[in-house]
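The values are calculated or read from the model by the stated rules, or taken from the named source; none is laboratory data. Just so we're clear, the structure is a prediction, and the values are computed from it rather than from any experiment. Here the Cβ positions follow ideal geometry from the backbone for every residue, glycine too, while neighbour counts run over all protein chains shown.
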Amino acid sequence: MGGKVWKDKYIDGDFSHKPLAGDVLSGDFTGANFTGADLSGATLSGDFTEAKFCDADLTGADLSGTFDDATCIKSWLRRHR
């Protein structure tokens, strides 16, 4: 662990191509853009409604959050739940 904890509101935030590996994302990320982000080993327990995850690395991530209408994450959810 030891990653950054993101627990505030980041609505429509741009996290594209950011290194977030091992971080804890427990805030409100409604509509946020995670295109190409490194989320490997991260904990995604927040609200990711309508967020975009195209080409993001979600290897080993904990996908326990809310992903209603999120794009490019459905195959990850099927594999990791």
(message) Being closer than 20 Å to residue 77 by Cα and of a type outside the set (A, V, I, L, M) is the requirement here; does residue 13 meet it?
(response) no
(request) Select from the range 3-15 the residues that are closer than 16 Å to residue 61 by Cβ and either modelled with pLDDT under 95 or assigned to a loop (DSSP other than H, G, I, E, B) (or both) and list them in ascending order. (result) 3, 4, 15
(request) Return yes or no: is residue 41 assigned to a loop (DSSP other than H, G, I, E, B), surrounded by fewer than 17 Cβ atoms within 10 Å (Cβ to Cβ) and without any contact (Cβ under 8 Å) to a residue 40 or more places away in the chain? (result) no
(message) For the range 2-38, give me each residue that is surrounded by fewer than 16 Cβ atoms within 10 Å (Cβ to Cβ) and at positive phi.
(response) 2, 12, 17, 36
(message) Exactly one condition in (1) out of contact with any strand residue (DSSP E or B) (no Cβ under 8 Å at 6 or more places or on another chain); (2) surrounded by fewer than 17 Cβ atoms within 10 Å (Cβ to Cβ); (3) at pLDDT below 95 is false for residue 76; which is it?
(response) (2)
(message) Just to be sure I understand, how many residues within the range 48-69 are surrounded by fewer than 23 Cβ atoms within 10 Å (Cβ to Cβ) and closer than 19 Å to residue 14 by Cα?
(response) 11
(request) Please work out if residue 60 is within 11 Å of the chain's Cα centre (by Cα), in a loop (DSSP other than H, G, I, E, B) and on the phi > 0 side of the Ramachandran plot. (result) no
(message) What are the pairs with Cβ atoms under 9 angstrom where one residue, in the range 56-81, is closer than 18 Å to residue 31 by Cα and the other, located anywhere, is basic (Lys, Arg) and surrounded by 15 or more Cβ atoms within 10 Å (Cβ to Cβ)? Sequence gap at least six, or different chains.
(response) 70/52; 71/52; 72/52; 73/52
